[in-house]
Amino acid sequence: MRRFSASVLLLLFVFLGCCRATDLLVLSAYHRPDPFGSIVVSDLAGASWDHSIQLAAARGGYVSFQLVVKSDRPCSACKLSVQSSQPVDVYREWFHFNTPDKHYYPDALIPVQLPYSFQMPDSGNVIQGQKVRAFWVDVWIAPNTKPGVYRGRARLVDGVARRSVHFTISVLPAEIPAQDVIDVNSNSYGDGWLQAQYPKALAGSGRANEDEKFHLIQQYYRIFDENRTSYGVLGYGHSGDMESGFAPELAGTGTQKHIASWDKFDRLFGPVLDGSAFAGTRRGPHPISFMYLPINPTWPANYLWWGEPGYQAEFTNVVGEMERHFREKGWTSTDFEVFFNQKKRYKGFEWDGDEQRFPKDMRYFLIYSDLLKKALPADTPVHFILRADVSWMMNRQFHVLKNAIHAWCTGGDVILWYLNQVPALKQQGDIMWNYGGTPPVQDVSTAITFEPLHAWILGFSGFERWLAVSPGPYPFQALANGGTETLVYSGERFGIEGPIPSIRLKLQRNAVQDLDLLEAEAKQGNREAVQAQVVHLFDHMTLSEWRHSPSPPPPGEPLDWDNTDLSDALKPYEAQFPTPQPDAWQRVHEFALKSSGGVE
């Protein structure tokens, strides 16, 4: 028998003890870890660390979970691998210091190649006292996947020590529809912000710099589309100033005004309008559903001619050319939005285009509706739609502008007072969206699912997050605004030329998948019963509470209201909603699968 000295035995004991201090655990998608070995406070309820997880999924979508490496000691040679019969995408989670509450939250997701070698603590995401590295796992269930139970394993190697966790996925016969019932739109403005987020990629000049900028914008369309979210980028400012490429180049004046070149516009938007920008994604190539047009009070017609025949001539000439170009290109699957974003307080124009508050401003929409009719053939297959974002005067606008506006984006919960008008507008073919912000990272994880669910319950066709690409100047050092203006981050820090997703974007995507299944069931059966069960599972409320405001609008005319009046009138409605539990959407997910003929 071989003998060891006491010192060797002691070293061996210490080494083995250190190995046992490193563990590989699994968490649900809804319980985010912090970097110190716990769960973030807002997601703490119902959290469970485990060495295995059982999941269920429909075909044609993703199912997600988290892997967490916990270690009480430094580790310089960790390696993570994942074995699965279904395709997996693995991301490392970045812990952001959140300035509003001085806590850390994981949000940005950096894609990694497996096997992935790393160290503990993270030398890039430097956090004093860090004990956790976390990874997000997306498992793709292709539409043609055979129903059944599939198994996988994640494995961590730490020196000579090995840890494993197992996961099973019950793939059901149900298939998620390719067309989403709710269009969740992520909004953006121009391209001025790209330079700050991609200083290396955009360090050049001339045509090369322009091509790189256009490519980056297309990457934003691509990442949102991959996560069942549309992307809308408005190419002009409040005074009508246009970003390069967002409009075709013009020449001439009056009756001679015409489009001189389509080159930049087609290079920028052609790939997203014909669908080729999405080639190689799991959803496949397809045209985008919506797109802002460059039309504004001073483009294509010079606003100095407003009210004169020259304005009409310039407008109808150019818009008519746009229609012909789009038709010849076959861009007939996209709704092209004519949207006015200015407010008179910005001192660019004397009327509000966005969130009109003054009754006399409605006449401008009527004039532009008439101009569009003059510019476009009656039988055009190209979809030009006049859009209005409405809040203060929406009740009056629904009546006065019902034959002019065909895309309504309603502000927040104000629509609750006029919800009875939505069916009639939808019946005449109008698009109905609601809009608002993005929950901050310190909110419970399932907060991101509320707006898509709310839109579906109210009978809307979409929800727009008003700004979704602005994480702040130093998001990997600190989130100044809690991430309320972003769902993606620049990947340049990590050698990626383009955006990277967030946990909140992934959770929202998974919710939209479930809404697609629920809508299919609602069409087949009792919609009220399906929706009532969903809201009960989500927060134990009733359908009536979700759809009706317990308080009336403020007294008087909208012109006399201020933001405080609106806020106070809406407080009783908003106060009745409890903070959802971290597993609130998990209950909805299970019901969606059961309703689609899946799990019992």
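Taking the range 545-600 on its own, how many of its residues are among the small types (Gly, Ala, Ser) and without any contact (Cβ under 8 Å) to a residue 24 or more places away in the chain?
5
If you take just the helices (runs of 4 or more DSSP H) that sit entirely in the range 461-559, which of them hold at least 2 residues that are under 25 Å from GLY190 (Cα atoms) and not assigned by TED's automatic domain parsing to the domain that holds LYS360?
Answer list for the range 461-559: 503-524.
From the list PRO106, PRO35, PRO74, exactly one residue is surrounded by fewer than 17 Cβ atoms within 10 Å (Cβ to Cβ) and of a type outside the set (A, V, I, L, M, F, W, C). Which is it?
Exactly one of PRO106, PRO35, PRO74 is surrounded by fewer than 17 Cβ atoms within 10 Å (Cβ to Cβ) and of a type outside the set (A, V, I, L, M, F, W, C), namely PRO74.
How many of the residues making up the range 216-243 are among the charged types (D, E, K, R) and either farther than 23 Å from ILE288 by Cα or not in a loop (DSSP other than H, G, I, E, B) (or both)?
Summing the residues that are among the charged types (D, E, K, R) and either farther than 23 Å from ILE288 by Cα or not in a loop (DSSP other than H, G, I, E, B) (or both) in the range 216-243 gives 4.
Suppose we filter the range 560-575 for residues that are surrounded by fewer than 14 Cβ atoms within 10 Å (Cβ to Cβ) and either in a loop (DSSP other than H, G, I, E, B) or small (Gly, Ala, Ser) (or both); how many remain?
So the answer is 3.
Would you pick out the residues in the range 244-275 that are surrounded by 15 or more Cβ atoms within 10 Å (Cβ to Cβ) and assigned to a helix (DSSP H, G or I)?
If the condition is that a residue be surrounded by 15 or more Cβ atoms within 10 Å (Cβ to Cβ) and assigned to a helix (DSSP H, G or I), then GLY254, LYS264, PHE265, ASP266, ARG267, LEU268, PHE269, GLY270, PRO271, VAL272, LEU273 are the ones that fit.
Check off (1) loosely packed, with under 14 Cβ neighbours inside 10 Å; (2) touching a Ser or Thr at 6+ places or on another chain (Cβ under 8 Å); (3) of a type in the set (Lys, Arg) for ARG222 and give me the number that stays unchecked.
(1)
Which residues, counting only those in the range 405-415, are on the phi < 0 side of the Ramachandran plot and surrounded by fewer than 20 Cβ atoms within 10 Å (Cβ to Cβ)?
GLY411, ASP413
Looking at this structure, is ALA480 modelled with pLDDT under 95, over 18 Å from LEU216 (Cβ atoms), out of contact with any helix residue (DSSP H, G or I) (no Cβ under 6 Å at 6 or more places or on another chain) and aliphatic (A, V, I, L, M)?
Yes: the conditions hold for ALA480.
Quick check, is ASP430 charged (D, E, K, R) and free of Cβ contacts under 8 Å to residues at least 12 places away in the same chain?
So ASP430 does not fit the description; no.
Is it the case that the range 439-450 has a residue that's among the small types (Gly, Ala, Ser), in contact with a Lys or Arg (Cβ under 9 Å, 6 or more places away or on another chain) and closer than 23 Å to TRP140 by Cα?
Looking through the range 439-450, at least one residue is among the small types (Gly, Ala, Ser), in contact with a Lys or Arg (Cβ under 9 Å, 6 or more places away or on another chain) and closer than 23 Å to TRP140 by Cα.
Residues in the range 166-183: is at least one within 20 Å of SER470 (Cβ to Cβ) and touching a residue at least 12 places away in the same chain (Cβ under 8 Å)?
no
Can you tell me which of (1) of a type outside the set (Asp, Glu); (2) modelled with pLDDT of 95 or more; (3) in contact with a strand residue (DSSP E or B) (Cβ under 8 Å, 6 or more places away or on another chain) is the one GLY411 doesn't meet?
Condition not satisfied by GLY411: (2).
The values are calculated or read from the model by the stated rules, or taken from the named source; none is laboratory data. Being a predicted model, the structure only gives us computed values, none of them experimental. Neighbour counts are summed over all protein chains in view; Cβ atoms, including those assigned to glycine, are modelled from backbone coordinates with ideal geometry.
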